[in-house]
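Accompanying notes for the structure given below.
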Amino acid sequence: MGIGVETRVAAEISDDDFNTLKQQVQQLGDKLQKLEQMHEQDQQTHQQDQEKIQELQQQLGKTQQTAADAQQKARAAAQVQKKVQQLQEQVNETQKATTEGKGVAGAQVQPVAPVPEGPLALHNFAIVGDAEIQFGKTFGSHSAFTEADFAPIFLFRANDNILFEAGFDVKLQNAGVTLANGNTGNSGTTTAIDLSFATLDYMLNDYVTIVAGDMLLPLGTYAERSAGWLNKIPDDPLPRSVLPGTGIGVQLRGAVPIGQSGQQITYSFYVANGPGSVDGTGNSTFTDSSGNVLPNLDFGNVGIQSNGNTGNEHASPGGGGRIGWFFPLKPHYDLELGISGQTGPWDASGNRLWSAAVFDAALHISPFFELKGEYINTWWDTVDSGTLNPRGWWIQGGYKLAGLNLNLPFINNLELVSRYDQVYDGLGSRTRRETVGYVYYLTNTLWFEGDYEFLQSRGPSLMPSGKWVFQLSYGF
């Protein structure tokens, strides 16, 4: 019976039915695999959505915080604006009370000074300058307090374009008296007052200024930037004696920026009377009443002669100028180079020329170190000696010990300075000098200076072999 039943079941399942079932099973497997893949993709998408939601939530938190900060700042700004309005109202009430002659409490008061109106509101007047006193000793003489000097500078601004400036040099010295033997003695004191410069300036635009009057000549940079108490060594460089410091004339000056780096080209061009002849001749020397043989070149040609006549000491004025390049590397690091010169007649006939060329340089490395100097060469055409060549050069350096970062009060206020200079006067005398010294900054404008100078000279005009000097100077 069992064998018969199995035979009937096998007969009922054919090959076609089996293959059909097999295909159905395979299809169900494929569908299951696709469903699993879709499930995995859904999980990845869900994960990405969760990350995106977290990112959006973080951005929302930052936005809310920014909005809260903005609201807080807006409230603070509103409070400040309200306080400003209150103060402005108080100021207006005070001004109104002052105008009516009443104080804040209603008491009668007088204004301290009337408030300028119109053109007078643009006027500005100031006095600046410096004062020095020296104590020193020149070899071969007694030590003494050697100088009491006061150099005020008056500055006046008429309006936005017109300026006036004038500087004076007031010195106290012994009065001279001629003795029976012809020598000069000392009797009492005298005060010497010298007009150092006086100019009227008109600012044509941002790049051009017109200067007229007794000008500081831009032959190098020393006369304009280092004279007086700004000079960290009490004496002037020796070669400056072969150049005029000032001149009567007209000048155009200004600066043109180069790009955005702070570089500048500075310029100045001028016409001035130029040097003249002491005795009117073209000779190189003249003899004074005491029999001294002196250079015949007069740098004080101001257009009014010693006899009161108005006129130049020679036929035509001279001209000159300076071109400079200023290159800042970074704050407190900069380099400046310049070339300047002047030429023109100097004798009464106008046939003899005096010319000069000056090369100047200045270097700053950090706020603590500076180095500067000039090379000066002149050509002086004379009748009796041909073309003379007075010339010289100087170099000066300084280092502030605050750059050592020692945090010591005395050391931090001290600057060491040194200079080497030499000059040849064209008449046979040569002098060279080495100077070492210091500047102690009691304040930014009150300096205590000291130096020791070694001099070597040869020729007809000999100088002392050396000296030491202390100077207390104040700039205001």
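The values are calculated or read from the model by the stated rules, or taken from the named source; none is laboratory data. Please read all numbers here as calculations on a predicted model, not as lab measurements. So basically every Cβ, Gly included, is an ideal-geometry build from the backbone, and we count neighbours across all protein chains shown. Accessible surface is based on the protein model in full, side chains and every heavy atom, while ligands, DNA and RNA are left aside. Shrake-Rupley method; radii C 1.70, N 1.55, O 1.52, S 1.80 Å.
Here are the numbers:
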{"item": "Full-extension gain in nm, F269 to K31, via 0.36 nm per residue minus C-alpha separation", "result": "75.9 nm"}
{"item": "Cα-Cα over 18 Å, subset of K171/K232; K372/K400; K137/K400", "result": "K171/K232; K137/K400"}
{"item": "Computed lengthening from N351 to V436, 0.36 nm per intervening residue step minus Cα-Cα distance", "result": "26.2 nm"}
{"item": "W379 paired with Q23, simple spin-label distance in nm, labels 7 Å along Cα-to-beta-carbon", "result": "11.8"}
{"item": "Förster-model FRET efficiency, 56 Å R0, F369 and Q58, C-beta, rounded to 0.05", "result": "0.60"}
{"item": "Solvent-accessible heavy-atom area per residue, rounded to whole Å², over region 123-177 at 1.4 Å", "result": "58"}
{"item": "Tensor-based shape of region 369-476 (alpha-carbon gyration tensor, a/c under 1.5 rounded, otherwise prolate or oblate)", "result": "prolate"}
{"item": "Solvent exposure ordering (accessible area, 1.4 Å, most first) of M203, M38", "result": "M38, M203"}
{"item": "Inter-probe distance in nm under a simple model that places probes 7 Å from Cα toward Cβ, at F410 and I162", "result": "5.5"}
{"item": "18 Å cut-off, amide nitrogen to a point 7 angstrom out along L329 Cα→Cβ, residues in region 236-268", "result": "261-264"}
{"item": "Rough spin-label spacing in nm, given labels placed 7 Å along Cα→Cβ, for Y420 and I258", "result": "2.9"}
{"item": "Mean Cβ neighbour count within 10 Å, used as a protection proxy, ranking 212-222, 448-458, 242-252 highest first", "result": "212-222, 242-252, 448-458"}
